[in-house]
Amino acid sequence: MQLSLNSKVKDVCKHPLGRDIVEKLLLQLGKSSWLVDNPIVGNLSLKTIKVIVGKKVGPGFFDVVLDLLNSELDSPRADIVSPTPAWWKEAVFYQVYPRSFTDQGIPGIIDKLDYLQNLGVDAIWLSPVYDSPNDDNGYDIRDYYSIMREFGTMEDMDALISGLHSRGMKLVMDLVVNHTSDEHQWFKEALDNESSPYRDFYFFRKSHANRNGHDDRAEHDSSISLGDKKSYDGKPPNNWTSFFGGPAWNYYPEQDIWALHLFSKKQMDLNWENPALREEIYKMVRWWLAKGVDGFRLDVINYISKFEGLPDGDDFIGQLMKYTGVERYFYGPRLHEYLKELRQEAFEPFKAFSVGETPGIGLRAGRLLTDEYRKELDLIFSFDHLEAPGKTRFDDYQYDLVHLKDHYVKHLNFDGGHGWHTLFYNNHDNPRMISKIDSSGLYAKPLAKLLAVLQMTLRGTPFIYQGDEIGAKNENFASMDDIHDVESHGIYNDYLAEGLGPEAAFKRILAGTRDHARVMMKWDEVLRQQGVNESDADLSVLRFYQDIIRWRRQTCACVYGTLEFLDAKTKDVFRYKRLHEDGNIFVEANLGINAAKSASQEGFMFVIGNYSDGFGDLRPYEVRVYEH
Ligand code: TEU
């Protein structure tokens, strides 16, 4: 059904994307869903709501939202099915960030394959190792067909693939196809020659002649010299902002043209509307798969379809989401079509695995991307659980695990068996989760083990990020000089431009910088933790990870068992069962630092926990796993 201003709030809530957006808003505002689900509000028309909130949200808001909702006509299936078995549902993944896993590039990773195998890992996701000028640590690819010199050679890459395969492990590479480096041959030719076939691989646009008023972002854009600013009329083609600070457009004075970059100034967005570009991408994916790669993690893959004409973003949504324009591309009108085509043309012939990185995708849209019958992606990474309601990554606050529990209760059974989930707490884009929960570090060890248990026993595929297995924490960076990430510097400059003092701006960067997760892996700590004696009652985090992964491997309930939440409404304690014909498990976890009553279940025997024994009240962040 097409929605319009005559539609009612309840119609919007019935629409999958509409419901996702409403829930996201409610979460941000800390309001209960009763606010929209009660019949009085539910029966109000959007026209009436517009009269009530119109001033606050501005004139274009409703049109923009309706445009977005009307671009999605499907809904996830309502029936319940049993999940089909797949290797990637059973596997434990481990993300390697090659710049800091070792300082030896790909040969360094090969050296650590035995370590990963001993840990119990089945597959690695390798962040980009392609040739790149490294403006964004390899997420700015210059050549998809060659390896970054400092990481090694194509022969090293082949050796990595065979080293993994000979150990029965798999390799998932990073696929960055929303953008390329501005040093990619395609972009260079496209910029230099207006009639190049590559011109339409990117978004080149003239200034927006009709934009009203003077746009002073141009003056603040330090990448453009004063002389150039004369020829530059200060009007980028639209008002979108970049995730890494400043406008999402680069101006090229010699050609008097702009090009779109949602990320850094050197990461130019690709135009997926162009079939020739899509064919180049599919060809490249097939080339890697033919080499033996087992699948890909698809970088910001939900951004590849932009609304036609690249219309301005809504200012209200921009303020709310911190980035202007996102609603014009985070779930674009041709996204499903492109994903189906990519799967069919490149993944399907190799039976390859895909996990999409999809910032901003909610529960229902997530199903439309991953439900098996839709033949799009196998899995997605969404990030709603990484921050508490109303908080962003750059807020300095204490993360409450009750949010994580609420998130899981809502999400993990929602797919009705048609889809599957990813279970992760860290990656190369986020500060360390255990530091967000407890900045004092006092409970770092029980917390690291608690997260490991949840990750290995909930319904979904675990993705460990390098360092999780030794309980890695945030770093004590002293100033911006210690920070290398292009995102942190861009956002720091935005904060200064907004009037924040250098100290306050640094404090925010310190809370959210991606560098916490990008420092060198602490191999001396690995050695220390490996040395902990088997009989030691208080196992190191590393030994604990090994044990729990080994146990998960022999416990079918951890993978395919149905998931049943107990006491879902009880705060502070998280209890669930996984039920399977080969045996059941029961997990209980104290989500805070106050003692909580244990409610062990009849017939269940204690298997493993993060304190030396499993008796009495639950201690701070204590988790216990039982079997029956
Ligand atoms: O990340 C995209 C992404 O969602 C984050 O950078 C996000 O924009 C940011 O956290 C805002 O909250 C992927 C990669 O994982 C990241 O390392 C790259 O920098 C980025 O894409 C561009 O390729």
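Here, each number is a calculation from the coordinates, and none is a lab measurement. Please read these numbers as outputs of a predicted model, since none were measured by experiment. Cβ sites come from the backbone with ideal geometry, for glycine too, and all protein chains shown count toward neighbours.
Annotations
- Point-to-point label distance, Leu25-Met154, nm (Cα→Cβ direction, 7 Å offset): 5.2 nm
- Measuring nothing but how far apart in sequence close Cα pairs (under 8 Å, 6+ apart) lie, relative to its length, the chain scores a relative contact order of 12 percent.
- Span per principal axis, largest first, for the Cα atoms of the stretch 62-173 (Å): 52, 38, 22
- Built amide H within the under 5 Å cut-off of Phe353, gap 5+: Gly295, Phe296
- Here the Karplus relation 6.51 cos²θ - 1.76 cosθ + 1.60, evaluated at θ = phi - 60°, turns the backbone of the stretch 445-450 into coupling constants of 5, x, 5, 4, 6, 4 Hz, with x for every Gly and Pro.
- Sequence-ordered 3J(HN,Hα) estimates for the stretch 274-290 from the Karplus curve with 6.51, -1.76 and 1.60 and θ = phi - 60° stand at 7, x, 5, 5, 4, 5, 4, 5, 4, 4, 5, 4, 4, 4, 6, 5, 5 Hz, glycine and proline given as x.
- Amide H contacts of Ile147 (H built 1.01 Å from N, under 5 Å, at least 5 apart or other chain): Asp131, Met154
- Rounded to 5, percent antiparallel among DSSP beta bridges of the chain: 60 percent
- Shape of the stretch 248-330, Cα gyration tensor, a/c cut at 1.5: prolate
- GluC sites (Glu not before Pro) lying in DSSP loop within the stretch 256-332, provided at most 12 other Cβ fall within 10 Å: Glu308
- Dividing the convex hull volume of the alpha-carbon atoms in the stretch 435-476 by its residue count gives 72 Å³ per residue.
- Cα gyration tensor shape of the stretch 9-69, rounded if a/c is under 1.5, else prolate or oblate by comparing a/b with b/c: rounded
- Applying 1/(1 + (r/R0)^6) with r as the Cβ-Cβ distance of Asp395 and Leu566 and R0 = 22 angstrom yields a FRET efficiency of 0.10.
- When the square roots of the Cα gyration tensor eigenvalues are ordered a ≥ b ≥ c, the ratio a/c for the stretch 488-544 is 1.5 or more and a/b exceeds b/c, which makes its shape prolate.
- One chain, two ends: Gln601 and Val53. Fully extended at 0.36 nm per residue, the span grows by 192.3 nm beyond their Cα-Cα distance.
- This ranking places Val176, Val541, Val453 by how few other beta-carbon atoms lie within 10 Å of each, fewest first, which gives Val453, Val541, Val176.
- Cα-based helix-to-principal-axis angle, 502-512 vs the chain, degrees rounded to 10: 50 degrees
- Length gained when the stretch Arg619-Val532 is fully extended (0.36 nm per residue, less Cα-Cα span): 29.0 nm
- Highest to lowest packing among 15-21, 364-370, scored as the average C-beta count within 10 Å: 364-370, 15-21
- The amide H of Thr461, built 1.01 Å from its N in the peptide plane, has His421, Thr422, Leu423 as neighbours under 5 Å, considering only residues 5 or more places off or on other chains.
- Reference-scaled alpha-carbon Rg (2.2 N^0.38 Å with N residues) for the stretch 557-627: 1.06
- Calculated log₁₀ intensity ratio I(q)/I(0) where the Debye formula runs over C-alpha points of the chain, q = 0.08, 0.09, 0.10 Å⁻¹: -0.59, -0.76, -0.96
- Extension gain, Lys14 to Lys206: 0.36 nm times the residue separation minus the Cα-Cα distance gives 65.1 nm.
- Cα principal axis extents for the stretch 456-571, largest first, Å: 55, 40, 25
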